[in-house]
Structure formats: C-alpha cells, structure tokens
Amino acid sequence: MKKNKSLKVSIVMGSQSDYKTMQLAEKTLKKIGVSFETKIISAHRTPKRMYEFASSAHKNNIGVIIAGAGGSAHLPGMIAALTSLPVLGVPIESKKLKGLDSLLSIAQMPKGIPVGALAIGEDGAINAALLAASIIANTNPVVKKNLNNFRLSQTKAVKKKPE
Ligand code: RP5
C-alpha cells in the first residue's frame, strides 16, 4: 500500500516487555501505509523522557499517540496531560490481574484529560492502530483509501457458511 508522507503515529510503551503486544500496532499501521515511530517511554522509570516526548510531540509531525502500558498504566494519561494530540491507550495484559488493572487505569481518566481506551492486549493494539489510521485518514486521502480497502477485504473474507 502507498505510504503516508504527512502526519505520523507515535507508538510508545512503558517497557520492552510490552513490545510483544505493541508490535501488532506497528504491523497494522504498516498494512495501512501509515508512517510511525516506536519508542520505550516509562512514566515512572523515565519521567524526563516522557515529559520531553509529550511536551514536544506537536512539533514533531505526530498526529496521534498510541501508548501501551500495563499495571497501574499511567503512561497514556500522563502523556495526554502534556499534549492535546489524541492519545489512544492500550492496556497491556498484566501477569497478576490479566490486564484488568491496566484497562481500568486507562479507561477511568477523570474528566478534563481524555484518553481513548482500547481492549486489553493484542486486540487493543490492533484496534488502536486502526483507530489512529482513521484519525490520520481525515487529512490524508491515501490512508483513507488504504483503510477502506483493508475493511473491504476483511468483509470479503467472511464466508457466508461455515465449512
Ligand atoms: C509498566 O509495567 C509497563 O508498561 C509494563 O507493562 C509493566 C511491567 O514492566 P516490566 O517489569 O516488564 O518492565 O510500566
């Protein structure tokens, strides 16, 4: 599919351990031809890195931020507090609570600073990328076309009868 040369998506995650899930967001954006960058940024282990990234994101050609985090999962909310760019949160499936902790942390943002919360784990990573592509598609006709083609082929792949 054709590449988007304008706004890119920034995929960030709290830990290397999140990459197994978040690489599905990368794969999905590649399929739709959306430009992206990927970084490890932890709100509690690398707070300065988080601050610098989020406060300068608007100057770096970023249209949407996808933030994956597990456990108390404060990364998406902290980033959203520092930028008015749309932030989509992916709750990583945690070892102890299977991601319910991550989901509630991301979904239950108090009013005033929104974070778009996706499903726990792999489905959330894929859908975050598709939603980010939809946002980018508002200003990018190539991405819009690619996204519509993707959805069309998904529809066509559903058989009418089970085999
Ligand atoms: C969070 O803590 C990360 O997003 C990750 O999901 C979780 C566990 O991190 P590691 O201990 O595996 O580095 O900050």
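For this structure, a couple of remarks:
- Of all residues in region 1-31 being within 25 Å of Gln154 (Cβ to Cβ) and buried (at least 24 other Cβ atoms within 10 Å of the Cβ), the one that is nearest to the ligand (Cβ to nearest atom): Met22
- Counted residues, region 106-163 - those being of a type in the set (Ser, Thr, Tyr) and at positive phi: 0
- Residue match in region 36-59 (condition: open to solvent by less than 10 Å² (accessible area, probe 1.4 Å), under 26 Å from Arg151 (Cα atoms) and either in a helix (DSSP H, G or I) or out of contact with any strand residue (DSSP E or B) (no Cβ under 8 Å at 6 or more places or on another chain) (or both)): no
- Qualifying positions in region 121-146 - open to solvent by less than 60 Å² (accessible area, probe 1.4 Å) and touching a Gly at 6+ places or on another chain (Cβ under 9 Å): Gly121, Gly124, Ala125, Ala128, Ala132, Ala133, Ile135, Ile136, Asn140, Val142, Val143, Asn146
- Within region 42-65, residues that are of a type outside the set (Lys, Arg) sit with their Cβ atoms under 8 Å from residues that are at pLDDT below 95, at 6+ positions apart or across chains, in these pairs: Asn61/Ser6; Gly63/Ser6.
- If only residues of region 126-144 that are free of Cβ contacts under 8 Å to residues at least 12 places away in the same chain and farther than 11 Å from Leu88 by Cβ are counted, the one that is farthest from the chain's Cα centre (by Cα) is Pro141.
- Any pair with Cβ under 6 angstrom, 6 or more apart, that starts in region 68-86 at a residue that is within 13 Å of the ligand (Cβ to nearest atom) and ends at one that is among the charged types (D, E, K, R) and open to solvent by less than 60 Å² (accessible area, probe 1.4 Å): Gly68/Asp18; Gly71/Asp101
- Any hit, region 100-108, residues being open to solvent by 20 Å² or more (accessible area, probe 1.4 Å), acidic (Asp, Glu), modelled with pLDDT of 95 or more and closer than 19 Å to His44 by Cα: yes
The values are calculated or read from the model by the stated rules, or taken from the named source; none is laboratory data. Fair warning: this is a prediction, and the values are worked out from it, not measured in the lab. Please note: Cβ atoms are built from the backbone with ideal geometry, for glycine as well, and neighbour counts cover all protein chains shown. Ligands, DNA and RNA are excluded from the accessible area calculation, which covers all protein heavy atoms including side chains. Shrake-Rupley method; radii C 1.70, N 1.55, O 1.52, S 1.80 Å.
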